[in-house]
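The values are calculated or read from the model by the stated rules, or taken from the named source; none is laboratory data. Predicted model only: the values in this text are computed from it and were never measured. Cβ placement follows ideal geometry from the backbone for every residue including glycine, while neighbour counts extend to all protein chains displayed.
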Amino acid sequence: MSANPKTTVSLIKADVGSVGGHHKVHPKQKELAKSCLEKARKDGTILDYYVFNCGDDLELLMTHRKGENNSKIHELAWNTFKEVTEKVSKPLRLYGAGQDLLVEAFSGNVKGMGPGVAEMEIEERIAEPIVVFAADKTEPGAFNLPLYRIFADPMSCAGLVIDPAMRDGFTYRVMDVIENKTVDLACPTEMYDLIALIGTTSRYVIERILRTKDGLLAAAASTTRLSLIKGRYVGKDDPCMIVRCQHGLPAVGEVLVPFGFPHLVAGFARGSHIGPLMPVGLDNARCTYFDGPPRIVALGFNITDGRLVGEGGNEPSDFFADVAFDRARQVANDISDYMRRH
Ligand code: 13P
Ligand code: 13P
Ligand code: MG
Ligand code: MG
């Protein structure tokens, strides 16, 4: 047993260049990222990893024992993004090589340097199912509405009514990304205050969610806004998040159901439009039509002694590939088409 028995799940992502405009990560980029993380697994820096992409965003999911905001883990992610940029994106002249790496040198924590980060240090429960989300062509505030529905809306999450462990509700930590301040709001008591803030998705972003009665960490989301770092538009802050599920937390189905409604999010072409968020399987995480519609993937794992357990090897459950989300995709296509005809 390690000195620190807690497990940290770190999801760190960046757009470091893509094929076909802002379309898709190149397979060679993922290959190289995997080999960087495999080296780190062998030398004991991390316990496990899964590399994937949502559109043009390269996503590094890692587990380790080092806690949140650990400089070694952030440096590993930074160096991986740098290496992929230098050895694959630049030689292949992929579009936007190194796009999200906003500074030259790493300085301790990738937050504020361009990449998006969602991290949670947890004590593993007997079974620890998580859903990892990543979206392309949108921004962190895109998760506000679904996170509200998952953890505060009893019409969406039946567990809030049925499961005594959830009866005291959940506390939302909301970040003001302009002023860099946070506020904790407990639902249902402070639900109206929460709603008053999170409708302004460009400014107030849900950063984490805790179970009110015992402070159990239930969800963590990225809050990076590239334009606020750089002072101009440089890319779309495509967000990611990690949500724990079941046994006193929303069931996986309750975590996924809000995405059956393709709500309007900021993003779409050139970061200057709004469009419906389309839930897709990994194979369809590739934006086309007006650089959209914005996409989101949802991947299921169990965390077991720091390992990522998936359906086979560590391949996750690719939830939104399911036919149950076909209708949401159709609605998203109809909405996109309607909006773009103007
Ligand atoms: P648990 O309370 O065991 O998480 O089960 C709830 C459930 O999955 C029902 O859909
Ligand atoms: P990304 O933020 O996904 O790189 O998209 C940039 C863009 O402007 C596409 O229209
Ligand atoms: Mg891009
Ligand atoms: Mg992107």
(request) Confirm whether residue 32 is farther than 22 Å from residue 238 by Cα and more than 16 Å from ligand 2 (Cβ to nearest atom). (result) no
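Look through 267, 275 and report the one residue that is more than 29 Å from residue 212 (Cα to Cα) and either of a type in the set (A, V, I, L, M) or in contact with a Lys or Arg (Cβ under 6 Å, 6 or more places away or on another chain) (or both).
Just one listed residue meets the conditions, 267.
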(message) Kindly evaluate residue 159 against the criterion of being touching a His at 6+ places or on another chain (Cβ under 7 Å) and buried (at least 16 other Cβ atoms within 10 Å of the Cβ).
(response) no
(message) Given the criteria part of a helix (DSSP H, G or I) and surrounded by 24 or more Cβ atoms within 10 Å (Cβ to Cβ), does residue 133 qualify?
(response) no
(message) Looking only at residues that are aliphatic (A, V, I, L, M) and assigned to a strand (DSSP E or B) in the stretch 118-130, which one is nearest to residue 310 (Cα to Cα)?
(response) 130
(message) Every residue in the stretch 84-123 that is modelled with pLDDT of 95 or more, more than 16 Å from ligand 4 (Cβ to nearest atom), buried (at least 17 other Cβ atoms within 10 Å of the Cβ) and under 30 Å from residue 6 (Cα atoms), please.
(response) 119, 120, 121, 122
(message) Tell me the residue from 259, 268 that is at pLDDT below 95 and buried (at least 17 other Cβ atoms within 10 Å of the Cβ), please.
(response) 268
(request) Among the residues of the stretch 127-152, write down those that are more than 23 Å from residue 68 (Cβ to Cβ) and either of a type in the set (Ser, Thr, Tyr) or touching a residue at least 60 places away in the same chain (Cβ under 8 Å) (or both). (result) 136, 137, 138, 145, 148, 149
(request) Output the residue which, of all residues in the stretch 238-273 that are part of a strand (DSSP E or B) and either in contact with a His (Cβ under 9 Å, 6 or more places away or on another chain) or within 16 Å of ligand 3 (Cβ to nearest atom) (or both), is farthest from residue 224 (Cα to Cα). (result) 273
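So, residue 302, is that one out of contact with any Phe, Trp or Tyr (no Cβ under 6 Å at 6 or more places or on another chain), of a type outside the set (A, V, I, L, M, F, W, C) and part of a strand (DSSP E or B) or not?
Here the answer is yes, as residue 302 does meet what is asked.
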(message) I'm trying to understand the selection: among the residues of the stretch 111-139, which are within 16 Å of ligand 2 (Cβ to nearest atom) and at positive phi?
(response) 114, 137
(message) Quick check on the stretch 70-128: of everything there that is among the polar types (S, T, N, Q), within 16 Å of ligand 3 (Cβ to nearest atom) and more than 21 Å from the chain's Cα centre (by Cα), which residue is nearest to residue 26 (Cα to Cα)?
(response) 89
(request) Could you list all residues from the stretch 288-312 that are within 16 Å of ligand 4 (Cβ to nearest atom) and under 17 Å from the mean Cα position of the chain (by Cα)? (result) 294, 295, 296, 297
(message) Yes or no: the stretch 54-63 includes at least one residue that is of a type in the set (Val, Ile, Thr), crowded, with 16+ Cβ neighbours inside 10 Å and more than 19 Å from residue 242 (Cβ to Cβ).
(response) no
(request) From (1) of a type outside the set (Phe, Trp, Tyr); (2) in contact with a helix residue (DSSP H, G or I) (Cβ under 6 Å, 6 or more places away or on another chain); (3) under 27 Å from residue 298 (Cβ atoms); (4) surrounded by fewer than 24 Cβ atoms within 10 Å (Cβ to Cβ), pick out the condition that doesn't hold for residue 80. (result) (4)
(request) Go through the stretch 1-86 and tell me which strands (runs of 3 or more DSSP E), entirely inside it, have 1 or more residues that are farther than 26 Å from residue 112 by Cβ. (result) 48-54
